[in-house]
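Asker: Pasting a structure below so you can have a look.
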Amino acid sequence: MAIDVSARVLIDGAAQGCVLRLSQPISFWGGVDPANGLITQPLHPNFGAEIAGTILALPGMIGSSSSSAIMLELLHNDVAPAALVMAEVDAILGLGVVAAEEIGLNGIPVLQCPIDAFVSGHVATISRGGGIQLGGTG
């Protein structure tokens, strides 16, 4: 059974992929390897997970203004998530997507909404304008 979610659009776009819902906030600076898209923060519960191509559902961010640079590198290296869905707005992470688009790289949708309905391994389809359809396993 599909669930429809409406999200606040921070950066518009469309995407589809399997959800990876992080169980705790993360710092992209030192927590995500920009070369391969793996979570490298040793004590993070999702350590070793691959974010490339996922609909990455983030409960929050652990600050570092360098997170935008990591997002830019992830996009440059084609190992970025297909979309970001954030429970809390993080302008720094979105800035990396904007910077990537400014230099001619493909951006990704960045949305804000509660992430309670997002289940890792389930498929999510994001439509332009902030519509999200959550389905079963992919």
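Asker: Sort out which residues of segment 39-63 are in contact (Cβ under 8 Å) with a residue 40 or more places away in the chain and among the aliphatic types (A, V, I, L, M), and write them in order of number.
Answerer: ILE55, ALA57, LEU58
Asker: Right, here's the next one. What pairs come out if I take residues in segment 78-94 that are among the β-branched types (Val, Ile, Thr) and pair them with residues that are outside any loop (DSSP other than H, G, I, E, B) whose C-beta lies under 6 Å away, six or more apart or interchain?
Answerer: From segment 78-94, the pairs are VAL85/ALA57; VAL85/LEU111; VAL89/GLN112; ILE92/SER67; ILE92/SER68.
Asker: Within segment 95-135, how many residues turn out to be closer than 20 Å to VAL5 by Cα, in contact (Cβ under 8 Å) with a residue 12 or more places away in the chain and not β-branched (Val, Ile, Thr)?
Answerer: Residues flagged as closer than 20 Å to VAL5 by Cα, in contact (Cβ under 8 Å) with a residue 12 or more places away in the chain and not β-branched (Val, Ile, Thr) within segment 95-135 amount to 19.
Asker: Would you point out the residue of segment 19-37, among those that are hydrophobic (A, V, I, L, M, F, W, C) and buried (at least 16 other Cβ atoms within 10 Å of the Cβ), that is nearest to LEU93 (Cα to Cα)?
Answerer: Residue satisfying both the conditions and the ranking: PHE28.
Asker: Now for a different question. Being surrounded by fewer than 16 Cβ atoms within 10 Å (Cβ to Cβ) and either touching a residue at least 60 places away in the same chain (Cβ under 8 Å) or in contact with a Pro (Cβ under 9 Å, 6 or more places away or on another chain) (or both): is that true of SER66 here?
Answerer: no
Asker: Oh, and also: Residues being of a type outside the set (A, V, I, L, M, F, W, C), outside any loop (DSSP other than H, G, I, E, B) and either within 17 Å of PHE118 (Cα to Cα) or touching a strand residue (DSSP E or B) at 6+ places or on another chain (Cβ under 6 Å) (or both): count how many of those fall in segment 12-51.
Answerer: Counting residues in segment 12-51 that are of a type outside the set (A, V, I, L, M, F, W, C), outside any loop (DSSP other than H, G, I, E, B) and either within 17 Å of PHE118 (Cα to Cα) or touching a strand residue (DSSP E or B) at 6+ places or on another chain (Cβ under 6 Å) (or both) gives 4.
Asker: Could you run through segment 65-82 and say how many residues are part of a loop (DSSP other than H, G, I, E, B) and of a type outside the set (Ser, Thr, Tyr)?
Answerer: 6
Asker: Taking into account only those residues within segment 52-70 that are under 21 Å from PRO114 (Cα atoms) and of a type outside the set (Gly, Ala, Ser), which is nearest to the chain's Cα centre (by Cα)?
Answerer: So, considering only residues that are under 21 Å from PRO114 (Cα atoms) and of a type outside the set (Gly, Ala, Ser), the one nearest to the chain's Cα centre (by Cα) is LEU56.
Coordinate-derived values only; no laboratory data. Only a predicted model underlies this, so the values are computations on that prediction, with no experimental measurement involved. We place every Cβ from the backbone using ideal geometry, glycine too, and count neighbours over all the protein chains shown.
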